[in-house]
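Structure record follows, encoded as structure tokens.
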Amino acid sequence: MKSRLALAGFLAGFAIILGAGPASAHAFGQRYDLPLPLWMFITGGASAVVLSFAVIAIFLRHKPEPGIYPTFNLLNNPAGRFCAQPATLTAVRVLFVLVFLLILLTGFFGVPSPYQNFSVVMVWVIAWVGLAFICSLLGNFWALINPWNAIFAWAEALYRKLSDGKELSRRRPLPEGWGTWPAFIFFLIFAWMEITWPASSVPGNVATAITVYSLLTWFGMYRHGRERWLSQGEAFSVVFALFARFAITEVRVRDAKAVEADTFHDIESDEAGCVNGYGAFFKADPEAREWNLRPPGLGLRAGRAPSYSLMFFVLLLLSTVTYDGYTETEHFQQLGLLVYKQIQGLTGDTVLVVETIGIASFPLLLISVYLLFIVLIGLAGGVPGKIGLLAPVFVFSIIPISIAYHLSHYLSLLLVEGQIVIGRLSDPFGFGWDLFGTAGYKVDISVISAKFAWFFSLAAIVVGHMVAVYLAHAEAMRIYDDRGKALRSQLPMLALMVGYTMLSLWIIAQPIML
């Protein structure tokens, strides 16, 4: 939504952290001068992560199995059963499909102002930032409301009825080795549009991009099958499913027959059943279904090692949100200007080129750093040369860090700019309507203070890294027979997480530079 001039690397940030001078936390026009020097907060956060590692090393002595943790089935009470009723689920899907269509209509036919048009705030603030909050904390709401999924599922049902049971999808397998690379590419394009594309705040451009993506998504579902494309090609289904592994709810099926044809789930075992297999959930008998409350974070234990493409997707997710935060700092503005001066005159739009180079290279740099530390983990644990085995196993421990940084970076955006939607609900096209009496609503920037934003970010980042330390240690306990080797293997991972904690806190503390 904003054009920024920035290009720098992951390691460059570390060089200036401890030497930083007085700092302030930021939150949309407000300034909060930290009560203590920034280095105290940074070293305190890092110390908390180190302490959590020591506690986990002392008390985690068994090998916890994925999917085995305390749960409470919400379907055992009337309110939970009502929420899971087919009629309730259908009504929710219809509502959000109508919202989806309204986004397209307002984008194409509404006024061009991003602050007077429903589409822009709904896509960049509510649909992206807001849904990420919901899926990370509460559960995979996107799996229920995904409009591309709902529309194609209805088309499938209609086609079966009109063609005596024939399938609409051709169900051709994706080429071997594709994995989630299609979703990776789509998400990288989305991140470029959100962070770098100067025209991302133009309603017509937003609607056009959604239309193109919709056609590509439905073609993928038609050619390869709806559920397969959702799990491998539809970028937001992959993103929100990863975030939802951290959430406090899950769906679980204990019906082997219903699970047989469902290959898209988080965990499957005889003891745990099938966790977050949404296809199996709707095929299973009601008595075999569970909609559970669970401890946060434990859903990130991997039932099986993720594919390399999914591993790279997780690292892309972390790198793009981190890059977005970096580009708002003065340090990155200065580095971007240096690159700008070097290539100025070589192309028509030098700023866009510099920003595109930055967002394309930053994931590569973070991936390189991650793989370097995986090599160190192999050396420390006594299994050098096993990078191909270890790298995918530990990548899910990165997801709490991605979530923590997402929550920290976008909290103010959601709570402040998200208020724009209140007025736009009454006048979505910007035509001067006042359907619900809220058209004149004024955004209240005092809803969140810079002080609250800073301490929320501090807590989220530290807690996210502490959860990541636990997850990585739990996976190490499964890999290594010897507890001592498991512990030693996690020293490089601890160093990586401590360093990233420090870097994240430094970014959040910087004044926004636009």
Top-ranked residue of segment 349-401 - restricted to ones that are among the hydroxyl-bearing types (S, T, Y) and at pLDDT below 90, ranked as farthest from L491 (Cα to Cα): T350
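Every residue, every condition in (1) open to solvent by less than 60 Å² (accessible area, probe 1.4 Å); (2) without any contact (Cβ under 8 Å) to a residue 12 or more places away in the chain; (3) touching a helix residue (DSSP H, G or I) at 6+ places or on another chain (Cβ under 6 Å), yes or no:
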position	(1), (2), (3)
A157	yes, yes, no
G165	yes, yes, no
W181	no, no, yes
I189	no, yes, no
Residues of segment 95-124 that turn out to be over 25 Å from the mean Cα position of the chain (by Cα) and surrounded by fewer than 17 Cβ atoms within 10 Å (Cβ to Cβ), as a count: 7
Failed criterion for Y69 (all others in (1) at pLDDT 90 or above; (2) in contact with a strand residue (DSSP E or B) (Cβ under 9 Å, 6 or more places away or on another chain); (3) of a type in the set (F, W, Y) hold): (2)
Among the candidates T217, T208, residue that is more than 25 Å from F394 (Cα to Cα), open to solvent by 50 Å² or more (accessible area, probe 1.4 Å) and in contact (Cβ under 8 Å) with a residue 60 or more places away in the chain: T208
Matching residues, segment 458-485, being surrounded by fewer than 22 Cβ atoms within 10 Å (Cβ to Cβ) and within 17 Å of V375 (Cβ to Cβ): I479, Y480, K485
Segment 222-267: number of residues that are assigned to a helix (DSSP H, G or I) and buried (at least 19 other Cβ atoms within 10 Å of the Cβ): 20
E290 vs. criteria touching a strand residue (DSSP E or B) at 6+ places or on another chain (Cβ under 6 Å) and modelled with pLDDT of 90 or more: yes
All positions within segment 235-250 that are hydrophobic (A, V, I, L, M, F, W, C) and either free of Cβ contacts under 8 Å to residues at least 60 places away in the same chain or under 20 Å from M311 (Cα atoms) (or both): A235, F236, V238, V239, F240, A241, L242, F243, A244, F246, A247
Residue selected from segment 53-69 under the condition part of a helix (DSSP H, G or I) and among the aromatic types (F, W, Y), by the criterion least open to solvent (accessible area, probe 1.4 Å): F53
Any hit, segment 117-131, residues being polar (S, T, N, Q) and touching a residue at least 40 places away in the same chain (Cβ under 8 Å): yes
Lone unmet requirement of (1) under 29 Å from P37 (Cβ atoms); (2) open to solvent by less than 20 Å² (accessible area, probe 1.4 Å); (3) of a type in the set (S, T, Y) for S489: (1)
Residue satisfying all of: in segment 268-320; over 22 Å from the mean Cα position of the chain (by Cα), part of a loop (DSSP other than H, G, I, E, B) and among the small types (G, A, S); surrounded by the fewest Cβ atoms within 10 Å (Cβ to Cβ) among these: A272
Residue check, R478 at pLDDT 90 or above, part of a helix (DSSP H, G or I) and charged (D, E, K, R): no
Helices (runs of 4 or more DSSP H) wholly inside segment 373-457 containing at least 3 residues that are surrounded by 16 or more Cβ atoms within 10 Å (Cβ to Cβ), touching a residue at least 24 places away in the same chain (Cβ under 8 Å) and polar (S, T, N, Q): 399-416
Failed item in (1) open to solvent by 60 Å² or more (accessible area, probe 1.4 Å); (2) farther than 28 Å from V251 by Cβ, with A199 passing the rest: (1)
Evaluation of R172 against (1) surrounded by 14 or more Cβ atoms within 10 Å (Cβ to Cβ); (2) within 23 Å of G277 (Cα to Cα); (3) touching a Lys or Arg at 6+ places or on another chain (Cβ under 8 Å) (one fails), failing number: (1)
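The values are calculated or read from the model by the stated rules, or taken from the named source; none is laboratory data. As the structure is a computational prediction, the values presented were derived from the model and not from experiment. We place every Cβ from the backbone using ideal geometry, glycine too, and count neighbours over all the protein chains shown. Only protein heavy atoms, including side chains, enter the accessible area calculation; ligands, DNA and RNA are left aside. Shrake-Rupley method; radii C 1.70, N 1.55, O 1.52, S 1.80 Å.
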